[in-house]
Each structure stands twice: as C-alpha cells, then as structure tokens.
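Quick notes on the structure that follows.
Please treat every number below as a calculation from the coordinates, not as lab data. Keep in mind that what you see is a predicted model, and the values were worked out from it rather than measured. All Cβ positions, glycine included, derive from the backbone under ideal geometry; neighbour counts span all protein chains shown.
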Amino acid sequence: MSEAARFSASSSAIASANDLSSERNLGQALLRGLRCRCPNCGEGKLFGGFVKSVNACEACGQEIYHHRADDLPPYLTIFIVGHLIVALFMGLEAAVTLSIWTHMAIWIPVTVVLSLLLMQPLKGATIGLQWALRLGGFGGETEEIG
C-alpha cells in the first residue's frame, strides 16, 4: 500500500472514529474491551498503564479519555473472584481436611492473582459497553458540572 493510500485510509478512519451516527455492535465492543483493545477498531491499545486508559486510540483516533468506568470494574472483579474462591474453597474443604494456614497459603495468593488478572479486561469491557451504548461521553453529550 502506498503512503498516500495509507494516509487516506488512516484519515478516513480517524474521521469516522468519533462519528455519532455509526452503528455500534455491543458484543464486538465487549470482546474488544476484554482484549484491552479499542472498542471501535479493535487495533489500538486501550490502556497506557495498568488501569489508566489512553486519551485516544492510536489506530483510529477514537477518543477514550471521557469514559466513566468508575467502580464497575472493581465491583465485577470482587463479584467474580469472590464467587470462584468461595466455591473452590468449599469444594476443597469438603474433599480434604486442611489446616487454616494451608487454606490461607492457597487462597490468599489465588485471590490476589485472579483479581489482578481480571481488573484490566473488566475495565476494558466496561469501556466497550459504554462506547457501544453511547454512555459516559461516547454519545457526544457534554457534561455540566453544577
């Protein structure tokens, strides 16, 4: 592809990235968010740090900075990890008898690791959800601070 064609393609992608009239697929946006990719194009990185989102997609120019993920990703992480850990703990306790120290040695690290592994993808999915439903600044509305 020539440089002119590449520039034309990228400029049209940037122009359509923040288009408010385009259709947005919810399932696709959620999956792209879970992969920590831009919900619009699926190419650009969604995060510049562990849970710090980028201002805009480097591939398509979709603005990301105005999202309002807030407390949903930590809530979902606690909900999922809590249910998994309690179920696994109860199953192991029913199968074998272990001391409380052994349980602590198993379940505290597993809880921490699962929480760290799930936080970023769940925040990405939350951003994808907001993008697809045009919430949190993705619908073009301006927020009044009163």
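State whether the residues of segment 87-98 include one that is among the β-branched types (V, I, T) and closer than 17 Å to L30 by Cα.
No, every residue in segment 87-98 fails to be among the β-branched types (V, I, T) and closer than 17 Å to L30 by Cα.
Determine, yes or no, whether A87 is within 27 Å of L34 (Cβ to Cβ) and loosely packed, with under 11 Cβ neighbours inside 10 Å.
yes
When the residues of segment 63-83 are narrowed to those that are without any contact (Cβ under 8 Å) to a residue 12 or more places away in the chain and in a loop (DSSP other than H, G, I, E, B), which ends up surrounded by the fewest Cβ atoms within 10 Å (Cβ to Cβ)?
Across segment 63-83, the extreme among qualifying residues is D71.
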